[in-house]
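Nothing in this text is a laboratory measurement; each read-out follows from the coordinates by a stated rule. Given the structure is predicted, the values throughout are model-derived calculations rather than measurements. Glycine gets a Cβ as well: all are built from the backbone with ideal geometry, and neighbour counts include every protein chain shown.
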Amino acid sequence: MTDITLVEAVNLALMHEMEHDPEMVVLGQDIGVNGGVFRATVGLLEKFGNERVLDTPLAENMIAGTAVGMAVQGLHPVAEIQFMGFIYPAIDQMVSHASRMRNRTRGRLSCPMVLRAPYGGGIHAPEHHSESTEAMFAHIPGIRVVIPSSPTRAYGLLLAAIRDPDPVVFLEPKRVYRLMKQAVEDNGEALPLDTCFVLRPGSDITLVSWGAMLHETQQAAEQLAGEGIDAEVIDLATIKPIDMQTILESVGRTGRCVIVQEAARTCSVSAEIAARLAEEGLMSLFAPIRRVTGFDTVMPMFRLEGHYMPGTERIVQAVRQTMEFA
Amino acid sequence: MNQTTTFSVEYHRFLRPDGEPEGDLPPLADDAETLHALYKNMVFTRLYDERAIALQRTGQIGTFASSLGQEAIGAGVGHAMQPEDIIIPSFRENGALLFRRFRVRDLLLYWGGDERGMANPDLGDDFPICVPISTHTTQAAGVAFAIKYRQQPRVVVCLLGDGGTSKGDFYEAINLAGAWNLPLVFVINNNQWAISVPRSLQTKSETLAQKAIAAGIPGIQIDGNDPIAVRHHVAEAIEKARGGGGPTVIEAISYRLCHHTTADDATRYRSDEELEAHRKLDPVPRLKRFMEARQLWSDEQESVLIRDCKAEIEQEVQHYLDSAPPKPESMFDWLYAELPQELHQQRQSLLVRESSND
């Protein structure tokens, strides 16, 4: 067992499942010979051949639509969209078809596909390469949206996504693709979907985040520990459907909650969590729920992206304000 | 100047509008059984259409899309397909669906606002009706890939309209079908109108078939109101695809003698003169005249056929009208393979509300 990065864990999960599931195929732009622009699919072509590792023409809508057709026929396609900024033509297929196929045929047909895409800012990429628009997908009934935050969770959650009988949008936080290494055992064991992971137990305040922002959120929790504030850190992991039970249970103990996301603020996943806490957990709250988010602006090009991204300092600040309130 | 490429588009027809043969006929023109099957499907579809419109006008189904005047396409496509092939329809292929395993009761359920209409397990791998335009074309490529991947001797037939050829989805789908040499036949029902937008405003392209040529695949035009031409050329394309010969695009030229749907009023945008001119191209009397001239059809057969079709349709309509209403909670029950924990509460709240309304 060697220490690997998040993107290597994605590759390992793809490799494992391709080997064990003859119905699985991968498709997308530059995923074959090139191994994907982030190398997530490197080595797959050599091992499984061009009948299962499919370099497609350059058309995102077609990639998603083709994956829908494959999945309805019972294959297990894992389609890659090169960057989330280019995923929008594929939304039509996810909203109008992938998410509805089981329902509109009352289970006669279904759509066990995965749509993978790297997302998020912080790598000084060109315009349209840095957005975090996971909420657009989280709004769609009938699909799951899953975001790993570490190599172990990338491996286990991607296996779960591929094996899930329904469509999954799997968003990979590219800022942390190579930020950390973890020992990941290639044992083929999936992690549960629809479940939060408590990364750090704590008693004073609940910090909820997902994807790359968990890095800063955990840093903030460490810093706050030095100030005597014991923060619980929750990795949302599946952002659709949301495991509110774990969050409500945590906030029930701590009485305080700060939600941290890179995405713009309005109508976001943090807004949903805050609303649900207000509906179902109000009586356990000592202080207003706070949100640390990106701004409701266009994601700036990279000279300003550092100002956009919610860093550790903004998280620490929000926690202090919450603690000071009550 | 060097010319790098040239192209031409073939146009095929066997029966003139008056039912007289034109040129050499294919063998199926002598096969009474096939002709009767095509004719029966067209007549049945037309009677079903009429009945469905009456049901809509009396509030017993919702909006309905008729295929009046375009029945030869559905009949020809449906008859050309083998049972194991897969149809990926849009929403105006009533005859083709009836040739498959869709029943009138299924289609009425669907247009009656009930998901169970596309649920009949006998439909096998056939796709449900697709309402968004051309979004099913790329899915057809995915299905065709799966067939090819599994080395099954099956073919996918994807139907769309003239308006659908303006969408990027169609170009993306035919492009992939060519690049991957997929067992896939696209049949375009060029009925001249996309709601109120005429074919002349859809594209400057002289034919819709020639769009296939840019994707490196054959594109042909046929008289879509000639059931023999549709049956012959669609079957030819299907069998070519089955043998590994790759995809084809067939532009079947027809005319929408009906409104776009029951929610549309075509008198707002097209003239009576145009409509009347196209009535003369009607595929149903065309095949009837052809069969009559060859002593393959009699007045008695005609009246028996109409009587039988009407009786079957009435039986199906009654079946639809007698169907139990869908359970409200069914909107949750097929959303995922297993309802996520998060949705149990919403489902429960619906059940509580429904029971308090009783």
Averaged over its residues, how many other protein chain Cβ atoms are within 10 Å of peptide B:126-139's Cβ atoms?
5
Classify the stretch B:155-230 as rounded, prolate or oblate, taking a ≥ b ≥ c as the square roots of the eigenvalues of its Cα gyration tensor: rounded when a/c is under 1.5, otherwise prolate if a/b is larger than b/c and oblate if not.
oblate
Positive-end extreme of charge dipole, the stretch A:170-326 - chosen from A:GLY255, A:LEU304, A:LEU282 (charges on Cβ)
A:LEU304
Need one number: % antiparallel among DSSP beta bridges in the protein assembly as shown, to the nearest 5.
15 percent
Compute the angle between helix A:312-325 and the longest alpha-carbon principal axis of chain A, please, reported from 0 to 90 degrees and rounded to the nearest 10.
40 degrees
Between A:ALA275 and A:ALA183, what is 0.36 nm times their sequence separation minus the Cα-Cα distance? Round to one decimal in nm.
29.4 nm
With 10 Å bins from 0: P(r) over the protein assembly as shown, alpha-carbon pairs, percent:
3, 14, 22, 22, 17, 12, 7, 3, 1, 0
Within the stretch B:165-223, DSSP-loop trypsin sites (Lys or Arg not before Pro) with at most 11 other C-beta atoms within 10 Å are B:LYS204
Can you tell me the 0 to 90 degree angle between the C-alpha axis of helix A:244-254 and the longest principal axis of chain A, rounded to 10?
20 degrees
A:GLN223 versus B:LEU350: modelled label distance in nm, points set 7 Å from Cα along the beta carbon direction:
4.6 nm
Low-density loop GluC sites (Glu not before Pro), the stretch A:48-150, at most 15 other Cβ within 10 Å, DSSP non-H/G/I/E/B, are A:GLU51, A:GLU127
Total charge dipole magnitude, the stretch B:74-211, about the Cα centre, Cβ charges on Lys, Arg, Asp, Glu only, Debye to nearest 20
140 debye
Note down the nm distance, to one decimal, between modelled labels 7 Å out along Cα→Cβ at B:MET331 and at B:SER8.
5.8 nm
Within the stretch B:272-358, GluC sites (Glu not before Pro) in DSSP loop having at most 11 other beta-carbon neighbours inside 10 Å:
B:GLU338
Provide the gained length on full extension for the span B:GLN295 to B:MET1, in nm with one decimal, where the gain is 0.36 nm per separating residue minus the Cα-Cα distance.
100.1 nm
Taking +1 at the Cβ of each Lys and Arg and -1 at the Cβ of each Asp and Glu, which of B:LEU123, B:PHE170, B:ALA146 sits farthest along the dipole of the stretch B:109-177 towards its positive end, judged by Cα position relative to the Cα centre?
B:ALA146
Sort out for me the Cα centre separation of the stretch A:265-320 from the stretch B:1-37, rounded to whole Å.
66 Å
Compute, for chain A, the length of the dipole vector about the Cα centre, with Cβ point charges of +1 (Lys, Arg) and -1 (Asp, Glu) only. Units Debye, rounded to 20.
600 debye
Using alpha-carbon coordinates, inclination of helix B:168-179 to the longest axis of chain B, degrees
60 degrees
Based on alpha-carbon centroids, what's the gap between the stretch A:59-80 and the stretch A:1-45 in Å, whole number please?
17 Å
Label-to-label distance, nm, for residues given as A:LYS47 and B:VAL304 (7 Å Cα→Cβ offset):
6.6 nm
Between rounded, prolate and oblate, where does the stretch B:11-326 land on the alpha carbon gyration tensor, with a ≥ b ≥ c its root eigenvalues, rounded for a/c under 1.5, else prolate if a/b exceeds b/c?
rounded
Kindly state, to the nearest 0.05, the FRET efficiency for A:THR266 paired with B:THR58, given R0 = 45 Å and r defined as their beta-carbon distance.
0.45
When a/c is below 1.5 the answer is rounded, else prolate if a/b is larger than b/c, else oblate, so apply that to the stretch A:251-326 with a ≥ b ≥ c taken from the square roots of the Cα gyration tensor eigenvalues.
oblate
Among the listed pairs B:LYS148/B:LYS211; A:LYS181/A:LYS240; B:LYS148/B:LYS204; B:LYS40/B:LYS240, which have their C-alpha atoms separated by more than 31 angstrom in this model?
B:LYS148/B:LYS204
Counting other chain Cβ atoms within 10 Å of each Cβ in A:95-105 and taking the mean gives 6
With +1 assigned to the C-beta of every Lys and Arg and -1 to the C-beta of every Asp and Glu, and no other charges, what is the dipole magnitude of the stretch A:3-183 about the Cα centre in debye, to the nearest 20?
500 debye
